[in-house]
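The structure appears below as structure tokens.
What follows draws every value from the coordinates through simple rules; no lab data is involved. Since this is a predicted model, take the numbers as computed values, not measurements. Cβ coordinates were reconstructed from backbone atoms using ideal geometry, including for glycine residues, and neighbour counts include every protein chain displayed.
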Amino acid sequence: MLKFSFIIPAYNNKNLLANTLIALNMQKGYGIGDYEVIVVDDGSPERLIDFVSHIPQNYRLEYIYLDRTLSSCRAEARNKGISMAKGYIVIFLDSDMIVNENYLSEVERGFNLEQNICLISTRLYANREIEAPEIINKTVFNTFRFKDCKINYIENRHVVFNNSSYNASTVKTPWLFVYSCNMAVLKKNIQKIGGFDESYKGWGYEDIDLGYRLYKNGVKIVINHKMEAIHQYHGETALFFSWSMDKSKQLKNNKWDFLERHKEIEEVAPLLYKKRRFYLLQKFQESTFVSLNFFGLKKPDHCKTCKIFLTKSSKIKDIREMLHQKLTFSNDNNLICIYDYLENSDLDIWIQLIESSKCMVRYYPRSRSGKNFKIAVFSFLYILNGIALNVYQKLYSGFSRDRGGVY
């Protein structure tokens, strides 16, 4: 039995898809017997099979073609891929994503520590087209990287994690971080909840809905920042009016459908239901407000804060033992902030797996820190963008809840 199945829904964008497949061909330490890639062609007028079959493959390639109908949607395409998957770990990527050569080893690292997880990561937005040679010689990963922290590279979850930390359990609504552009989960867990809800049409929220249902069924949301991928440029960037009005409207419709189906969420995140504040939520619903208690950043009452700077490998074992004692047996309210200057251990995943009713651990990898000013500017621009887009929609677009088969 295969271990990994990549599921990639696609529609028309063959050049972007080619780059995605080339990157998957370069996974260090993995070969054709380890993973498969399932491309689900969601009704492209010019079928993609002839194009993708000529790309060199270090993996098993499966191609599925779905006829285009009014009910066509991403959820249906992904569910078809799940039904065909032979791997017991399914990895969802969008057809415009480029992953690094260590991506699969990072996925495996997470599931070696705990099977009952939904592993998620972020993406960096490229601001120009990417050519295949840049992927093959790996220069693309030096060009687009978080270290440079250019505002038009980073996404909204970077804003959240830079504040609430790269420990998803520090937030009461970690399922809001589940984006199917870059995530992995056990096939049996996703089948247990019935897969993606195909009643979501258009763009958005079918993945957050899946994340919420996984979370309710005891699957832990875990962040692995080393799985970060590059989102290829095709007219969209992280900021301002790069999204179409149709796409924004679809997101808005699906958001309210999601909230209507899961009314119990109002107890955890009541401000999600405030329509007068929707302009702050319609594009990037979690934004910086998660870290400002907008959705409930967990923090022990009357807590003591302890900062730990991890600079020596010899201290990792001591820190793990100390954390285990405090999180498992201590009755004190403690907030522990770990600043990892090494990032060479499983501490980043392990911290997220520990349950504690009293103590909380925030984890900040050094490669992601020191960018607070730029992150703050980025957050402010997101807010302005949301306000402006909301005003524009009210003036010119209306608020119809029409559905369609837009991919």
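Summing +1 for each Lys or Arg and -1 for each Asp or Glu among the other residues whose beta-carbon sits under 10 angstrom from that of V37 gives -1.
Ranking of M322, M183 by neighbouring Cβ atoms within 10 Å, starting from the fewest: M322, M183.
Overall, the anisotropy analysis places the stretch 143-192 in the oblate class: the square-rooted eigenvalues a ≥ b ≥ c of its C-alpha gyration tensor yield a/c not less than 1.5, with a/b not exceeding b/c. Arranged from fewest to most other beta-carbon atoms within 10 Å of their beta carbon, D197, D346 become D346, D197.
Which residue, C306, L323, L347, has the largest displacement toward the positive end of the dipole of the stretch 304-368 when charges sit on each Cβ (Lys, Arg +1; Asp, Glu -1)? Looking along the dipole axis, the top candidate is C306. Dipole magnitude for the stretch 304-368: computed about the Cα centre from +1 point charges on Lys and Arg Cβ and -1 point charges on Asp and Glu Cβ, it is near 240 debye. Loop-located trypsin sites (Lys or Arg not before Pro) across the stretch 1-34 with a Cβ neighbour count of 15 or fewer within 10 Å are K28, with loop assigned by DSSP. Overall form of the stretch 4-231: rounded. Here a/c, set by the Cα gyration tensor axes a ≥ b ≥ c, is under 1.5. Amide H contacts under 5 Å for C306: L335, I336, C337, restricted to partners 5 or more places along the chain or on a different chain, H placed in the peptide plane at 1.01 Å from N. If you filter the stretch 64-165 for trypsin sites (Lys or Arg not before Pro), then keep DSSP loop positions with at most 14 other Cβ within 10 Å, what is left? Of the trypsin sites (Lys or Arg not before Pro), the ones in loops of the stretch 64-165 whose Cβ has at most 14 other Cβ atoms within 10 Å are R128, K138. Ranking of C73, C359, C306 by neighbouring Cβ atoms within 10 Å, starting from the fewest: C306, C359, C73.
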